[in-house]
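Student: Provided herewith is a single structure, encoded as structure tokens, for subsequent inquiry.
The values are calculated or read from the model by the stated rules, or taken from the named source; none is laboratory data. The structure displayed is predicted, hence computed values, not measured ones. Don't worry about glycine lacking a Cβ; one is built from the backbone with ideal geometry, like all the others, and counts go over all protein chains shown. Areas reflect the complete protein model, heavy atoms only, side chains present, ligands, DNA and RNA absent. Shrake-Rupley method; radii C 1.70, N 1.55, O 1.52, S 1.80 Å.
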Amino acid sequence: MAQAPSRLAEARPVPHIVTELPGPRARAQIEFDHSVTSPSLPRAYPIVPVRGDGLAVEDVDGNLFLDFAAGIAVTSTGHSHPAVVARVQRQAENLLHFSASDFYLPIYADTCAELARISPFSGPVRVYLGNSGTEVVEAAIKLARYATKRPYVVAFLGAFHGRTYGSVSLTASKAKYHAGFGPLLPGVFHAPYGRVEDLRWFDEVLFEKLVPASEIAAIIVEPVQGEGGYLVPEDGFLQGLRRICDRHGILLIADEIQSGAGRSGKMWAIEHWGVEPDILLTAKGIASGLPLGAMIARAEIMTTWGPGAHGSTYGGNPLACAAALETITLLEGGLVENARLRGEQALAGLRPLRERFPGLVRDVRGLGLMLGVEFDTAEHAEAVQWAAFQRGLLVLECGVSTVRMSPALTVSEAEMATALRIFGEAVAEVAGENGRVLPDATDAEGMTGVEAAV
Ligand code: PLP
């Protein structure tokens, strides 16, 4: 698919680094930032962006970066896609806010109808809109308990579902997300993720020794684990989960907040395995960067609850809905297919790293534009992330020792080739080729680089 040239890229190649990194303005901004912001924010490395266009991002010092992190897999149509910007501008001139929880906002219902149309359900669905991923995870926990009248929920080890109390209780990717916050939501169990043989845990451990299957409301699963390390489950795993749910009347919730909206090369990652969930959650890429989350549920489940059971002041805000409607048009207009093609290009380019750097590169995996390269240690993953940053390529750690690439779905063949070249150079530097020493990722204004965001 032909991509419009980026405005930022017209004058200069991307990436184009003109100062040391971080540059002088970036360092000053980081110092100011550290004086006013919550120290809980898990900053990965010192990029200080001011403008974006497509996959190009300019920082405060005039450095141009090639963005393969996309605001944690959010800017699915690239930074400030002109069609999305125009639609949001038009909407802003007409109506900024009018709570759809209490009144009848047309663009809210239109967005629900569009999400229903593109959702992977064979029967009728209803849609609830929130402002973020974690909000629709909360909505799903409430709906599952309400509809089934059952208390327990099962999530997976390695999962990330958010940071509010319900969702953080489902999250099991890093103990630090729970540290100091207990007690968490009771009634949550964590199953092993990914292998077909792991599914035996349900019968042999959960149902046999802990709680009867008849008391489980829902199993919530990321079809491809995101923060847990961009893990693609074995074929048969999701089908097996579906069978367990069917056997026991348990709802299957697909958390497609990171894997959905075309990123996997299909509109929804779960479609790669032909599995239909009962509830599907989307956020991140669905509105190109505006805050929107959606819970799409089979109509017979969603219609169990009535007025007042759930709602939100801002959820389905008109600007976010406008961005989502335009994003869906762009996704269907070729971006999902582009994600598939560019994903194949990426895997073909990344796989040789395993042979070139045996020991250092443990695994190369992915689906569409969810691409993970696993290293032998967290320190090496962090060093590769830093070396890529120094060369102007933005990537982001996940899991224990994996570096993820999650570029906008607009990524061109040439941009992908550039990213693969730079990433290879970064790995080579960390491997000690070219006689270079390991970069010290801890020297940038107190940034440790170890705390990847999600
Ligand atoms: N679920 C998944 C799979 C995610 O990757 C994330 C965020 O990374 C969330 C839920 C939480 O989304 P948010 O940060 O919008 O609350």
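Student: Within segment 40-63, does at least one residue satisfy the condition of being part of a helix (DSSP H, G or I), on the phi > 0 side of the Ramachandran plot and within 20 Å of the chain's Cα centre (by Cα)?
Tutor: Scanning segment 40-63 turns up no residue that is part of a helix (DSSP H, G or I), on the phi > 0 side of the Ramachandran plot and within 20 Å of the chain's Cα centre (by Cα).
Student: Then there is this: If a residue has to be under 26 Å from the mean Cα position of the chain (by Cα), farther than 24 Å from PHE160 by Cβ and among the acidic types (Asp, Glu) to count, how many in segment 66-124 make the cut?
Tutor: Going through segment 66-124 one residue at a time, the tally reaches 2.
Student: So, in segment 274-332, exactly how many residues are outside the structural domain of SER259 (by TED's automatic domain parsing), β-branched (Val, Ile, Thr) and within 14 Å of ALA113 (Cα to Cα)?
Tutor: 2
Student: Cβ contacts < 9 Å: first residue under 12 Å from ALA155 (Cα atoms) and free of Cβ contacts under 8 Å to residues at least 40 places away in the same chain, restricted to segment 192-204; second residue of a type in the set (Phe, Trp, Tyr) and open to solvent by less than 30 Å² (accessible area, probe 1.4 Å), any location; separation 6+ or different chain. Result?
Tutor: Within 9 Å, the pairs are PRO192/PHE156.
Student: Quick one: what pairs do we get from segment 293-321, first residue under 15 Å from GLY133 (Cα atoms) and in contact (Cβ under 8 Å) with a residue 40 or more places away in the chain, second exposed (fewer than 13 other Cβ atoms within 10 Å of the Cβ) and not aromatic (Phe, Trp, Tyr), C-beta under 7 Å, 6+ apart or different chains?
Tutor: So the pair list comes out as ASN317/HIS97.
Student: Answer yes or no: is there a residue in segment 122-139 that is open to solvent by less than 30 Å² (accessible area, probe 1.4 Å), closer than 22 Å to ILE257 by Cα and away from the ligand (no atom under 16 Å from the Cβ).
Tutor: Yes, some residue in segment 122-139 is open to solvent by less than 30 Å² (accessible area, probe 1.4 Å), closer than 22 Å to ILE257 by Cα and away from the ligand (no atom under 16 Å from the Cβ).
Student: Just checking: which of the strands (runs of 3 or more DSSP E) contained wholly in segment 335-439 hold 3 or more residues that are open to solvent by 20 Å² or more (accessible area, probe 1.4 Å)?
Tutor: 361-367
Student: If you don't mind, there's one more thing I want to ask. Looking at segment 159-192, which of its residues are closer than 21 Å to LEU206 by Cα, hydroxyl-bearing (Ser, Thr, Tyr) and within 12 Å of the ligand (Cβ to nearest atom)?
Tutor: Those that are closer than 21 Å to LEU206 by Cα, hydroxyl-bearing (Ser, Thr, Tyr) and within 12 Å of the ligand (Cβ to nearest atom): SER167, THR171, SER173.
Student: Another question, if that's okay. How many of the residues making up segment 230-259 are assigned to a loop (DSSP other than H, G, I, E, B), buried (at least 24 other Cβ atoms within 10 Å of the Cβ) and small (Gly, Ala, Ser)?
Tutor: Number satisfying all stated conditions: 1.
Student: Output the residue which, of all residues in segment 260-298 that are part of a helix (DSSP H, G or I) and crowded, with 24+ Cβ neighbours inside 10 Å, is farthest from the ligand (Cβ to nearest atom). Full working, then the answer.
Tutor: Filtering segment 260-298 down to residues part of a helix (DSSP H, G or I) leaves 269-273, 284-287.
After this cut, where a residue has to be crowded, with 24+ Cβ neighbours inside 10 Å as well, the list is 269-270, 284-287.
Details: ALA269: 10, ILE270: 12, LYS284: 6, GLY285: 11, ILE286: 11, ALA287: 11 Å.
It comes out as ILE270.
Student: So PHE160 ticks every box in (1) surrounded by fewer than 18 Cβ atoms within 10 Å (Cβ to Cβ); (2) outside any helix (DSSP H, G or I) but one. Which box is left unticked?
Tutor: (1)
Student: Let me ask something else. For segment 122-140, how many residues are under 24 Å from GLY229 (Cβ atoms) and either of a type in the set (S, T, N, Q) or in contact with a helix residue (DSSP H, G or I) (Cβ under 8 Å, 6 or more places away or on another chain) (or both)?
Tutor: Residues that pass the stated criteria total 4.
Student: Applying the selection to segment 193-229, what residues are surrounded by 18 or more Cβ atoms within 10 Å (Cβ to Cβ), away from the ligand (no atom under 15 Å from the Cβ) and of a type in the set (Gly, Ala, Ser)?
Tutor: Answer for segment 193-229, where residues must be surrounded by 18 or more Cβ atoms within 10 Å (Cβ to Cβ), away from the ligand (no atom under 15 Å from the Cβ) and of a type in the set (Gly, Ala, Ser): ALA213, ALA217.
Student: Considering only residues of segment 92-111 that are among the hydrophobic types (A, V, I, L, M, F, W, C) and either open to solvent by 70 Å² or more (accessible area, probe 1.4 Å) or free of Cβ contacts under 8 Å to residues at least 24 places away in the same chain (or both), which is farthest from ALA299 (Cα to Cα)?
Tutor: Within segment 92-111, the match that is farthest from ALA299 (Cα to Cα) is LEU96.
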